[in-house]
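Below: one structure, written as structure tokens.
The values are calculated or read from the model by the stated rules, or taken from the named source; none is laboratory data. If you're wondering where the values come from, they're calculated on a predicted model, not measured in any experiment. All Cβ positions, glycine included, derive from the backbone under ideal geometry; neighbour counts span all protein chains shown.
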Ligand code: ADP
């Protein structure tokens, strides 16, 4: 009894620590908008890098021709070929090939990695053929999606700031990314030019905009999380005199690194950060993205099990970092069987904890709920932060004495991608719910989250075309 009460105490503390009432979410919204300003005002002005992309035109639908793209950033890389017909939304044909990146290449040398990629690309181009002789002699245009922090020097070039995720190739840090790829392509005898170098969020925004011209931002919520959006050049103060024909440019926020004292942080988050290889980095990402949610849940369950005997003797697997993945917590969370059989199965298979009583299974589901709900609501606050920054959250509606109801609220589309959002239904529902709470139903109705698929790669091909 007393032990169970202690477990409930741990749960209550967790709920308290993770609570995200709408008032707090609004503080996060404001903090996001403020940090965006700061990051645009000066280099290093914020934890938000607010990187220039030099993408100053988004595809409209009039693009024509055959373009290639290469998407490198996660555990897989993709090569794509897109044939564009020149009418809005008419991608005539697209072919995507996905390949895992051999683990040893992720910590090799830039030459080894890019030779491998160039070879795969060459095989793809040759295997595909393209039915057109002219293309054999013409130099092909490639959109390169490279989803790591890059300091762009032009729309097609940039310097790698640091590796993230599972990659670690020291010789590449500080080098021109495009040069590395182009040199490898020429070593392999592939006649191709990198027309654009972008990250996955920018590709997603490009594809979103291709389909719907009201698309103003793109968000990725998968293994990691990031966002980009369309900004007016005169708001990019750190780059004075920046001129583009459109008067705007896409800004890659690198929002995973956002931080604010208003974020609801628990001891589990602090411990997770302290044990991570990138301490004090990617604070927002560590609360939100798929790489971490399962791990936060594991830490809570471990604490509960240390405080009591809910799982019997302390299960050794429960002490192993990252043993509980986010898809596993999603499966437990979405288990709607009366006996919670899926929860029992996962606890047994993944953590080797058999025969967990129903009462404890319910508790596990509750922990998944608290952690996921916080993540989804914070992601929603981040999105509203962007909308606020560009005056699309409805708050700037009162001008010249007119009341808000007189003002036509513009439709704003946010392109969204990533396994956490697309595959975890409860996460998605919590995110939408929070969006409505923060904005109010009337304004939320004009904010549309639109899932794009393979946008990170296809979008890069579209940008190469435009
Ligand atoms: P990546 O971000 O690695 O490029 P994705 O966008 O497909 O690729 O995201 C994959 C991530 O999404 C996984 O690492 C996992 O955290 C999360 N994810 C995938 N499927 C699910 C699921 N069913 N439930 C919850 N999270 C999931």
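Can you confirm whether residue 136 is within 14 Å of residue 70 (Cβ to Cβ), over 29 Å from the mean Cα position of the chain (by Cα) and modelled with pLDDT under 95?
no
I'd like the residue in the stretch 12-44 that is part of a loop (DSSP other than H, G, I, E, B) and at pLDDT 95 or above and, out of all such residues, is farthest from residue 161 (Cα to Cα).
The extreme case among them is 21.
Which residues, taken from the stretch 299-314, are under 19 Å from residue 11 (Cα atoms) and assigned to a loop (DSSP other than H, G, I, E, B)?
Matches in the stretch 299-314: 308, 309, 310, 311, 312, 314.
Across the stretch 78-96, which residue is surrounded by the fewest Cβ atoms within 10 Å (Cβ to Cβ) among those that are within 16 Å of the ligand (Cβ to nearest atom) and at pLDDT 90 or above?
Among those that are within 16 Å of the ligand (Cβ to nearest atom) and at pLDDT 90 or above, it is 78.
If we keep just the residues of the stretch 243-262 that are under 20 Å from residue 35 (Cβ atoms) and out of contact with any strand residue (DSSP E or B) (no Cβ under 7 Å at 6 or more places or on another chain), which is farthest from the ligand (Cβ to nearest atom)?
Filtering first and then ranking leaves 261.
Which of the residues that make up the stretch 163-180 are more than 28 Å from residue 191 (Cβ to Cβ) and surrounded by 14 or more Cβ atoms within 10 Å (Cβ to Cβ)?
Residues satisfying the conditions are 163, 164, 165, 168, 173.
When you go through (1) surrounded by fewer than 17 Cβ atoms within 10 Å (Cβ to Cβ); (2) in contact with a helix residue (DSSP H, G or I) (Cβ under 8 Å, 6 or more places away or on another chain); (3) over 21 Å from residue 159 (Cα atoms); (4) in contact (Cβ under 8 Å) with a residue 60 or more places away in the chain one by one for residue 238, which number turns out not to apply?
(3)
Exactly one of these conditions fails for residue 282: (1) within 19 Å of the chain's Cα centre (by Cα); (2) crowded, with 21+ Cβ neighbours inside 10 Å; (3) at pLDDT 95 or above. Give me its number.
Exception for residue 282: condition (3).
So residue 324 fits all but one of (1) under 12 Å from residue 364 (Cβ atoms); (2) touching a helix residue (DSSP H, G or I) at 6+ places or on another chain (Cβ under 6 Å); (3) assigned to a helix (DSSP H, G or I); (4) within 16 Å of the ligand (Cβ to nearest atom); what number is the exception?
(3)
Among the residues of the stretch 104-121, how many are in contact (Cβ under 8 Å) with a residue 24 or more places away in the chain and either part of a helix (DSSP H, G or I) or closer than 20 Å to residue 143 by Cβ (or both)?
Total satisfying the criteria: 12.
Conditions first: (1) touching a strand residue (DSSP E or B) at 6+ places or on another chain (Cβ under 9 Å); (2) in a loop (DSSP other than H, G, I, E, B); (3) modelled with pLDDT of 95 or more. Residue 338 passes all but one, so which condition is the exception?
Here residue 338 meets the rest and fails (1).
So, in the stretch 65-77, of the ones that are in a strand (DSSP E or B) and closer than 17 Å to residue 177 by Cα, which residue ends up modelled with the lowest pLDDT?
So the residue we want is 77.
Please go through the stretch 300-329 and pick out each residue that is closer than 21 Å to residue 256 by Cα and surrounded by 17 or more Cβ atoms within 10 Å (Cβ to Cβ).
Scanning the stretch 300-329 gives 325, 326.
Give me the pairs: first residue in the stretch 214-231 and under 15 Å from residue 53 (Cβ atoms), second residue within 9 Å of the ligand (Cβ to nearest atom) and assigned to a strand (DSSP E or B), beta-carbon distance under 8 Å, and six or more apart or on different chains, which are they?
Listed pairs, sorted by first residue: 218/417; 220/417; 226/220; 227/220.
Here are the criteria: (1) over 15 Å from residue 164 (Cα atoms); (2) part of a helix (DSSP H, G or I); (3) within 20 Å of the chain's Cα centre (by Cα); (4) in contact (Cβ under 8 Å) with a residue 60 or more places away in the chain. Tell me which single one residue 260 does not satisfy.
Evaluating residue 260 over (1) over 15 Å from residue 164 (Cα atoms); (2) part of a helix (DSSP H, G or I); (3) within 20 Å of the chain's Cα centre (by Cα); (4) in contact (Cβ under 8 Å) with a residue 60 or more places away in the chain leaves (2) as the failure.
Name the residue, out of 298, 265, that is under 23 Å from residue 421 (Cα atoms), at pLDDT 95 or above and out of contact with any helix residue (DSSP H, G or I) (no Cβ under 7 Å at 6 or more places or on another chain).
265
If you scan the stretch 327-353, which residues turn out to be within 15 Å of the ligand (Cβ to nearest atom) and in contact (Cβ under 8 Å) with a residue 24 or more places away in the chain?
Result: 327, 328, 329, 330, 332, 333, 334, 335, 350.
Has the stretch 358-365 got any residue that is over 18 Å from residue 229 (Cα atoms) and buried (at least 24 other Cβ atoms within 10 Å of the Cβ)?
Yes: one or more hits.
Look through the stretch 420-466, keep the residues that are more than 17 Å from residue 229 (Cβ to Cβ), within 13 Å of the ligand (Cβ to nearest atom) and at pLDDT below 95, and return whichever of them is surrounded by the most Cβ atoms within 10 Å (Cβ to Cβ).
Looking at residues that are more than 17 Å from residue 229 (Cβ to Cβ), within 13 Å of the ligand (Cβ to nearest atom) and at pLDDT below 95, I get 457.
Inspect all residues belonging to the stretch 44-61 and state whether any of them is free of Cβ contacts under 8 Å to residues at least 60 places away in the same chain and surrounded by 15 or more Cβ atoms within 10 Å (Cβ to Cβ).
Yes, the stretch 44-61 contains at least one residue that is free of Cβ contacts under 8 Å to residues at least 60 places away in the same chain and surrounded by 15 or more Cβ atoms within 10 Å (Cβ to Cβ).
Quick test for you: out of 413, 360, pick the one residue that is touching a strand residue (DSSP E or B) at 6+ places or on another chain (Cβ under 8 Å), more than 16 Å from the ligand (Cβ to nearest atom) and at pLDDT 95 or above.
Going through 413, 360 in turn, the sole match is 413.
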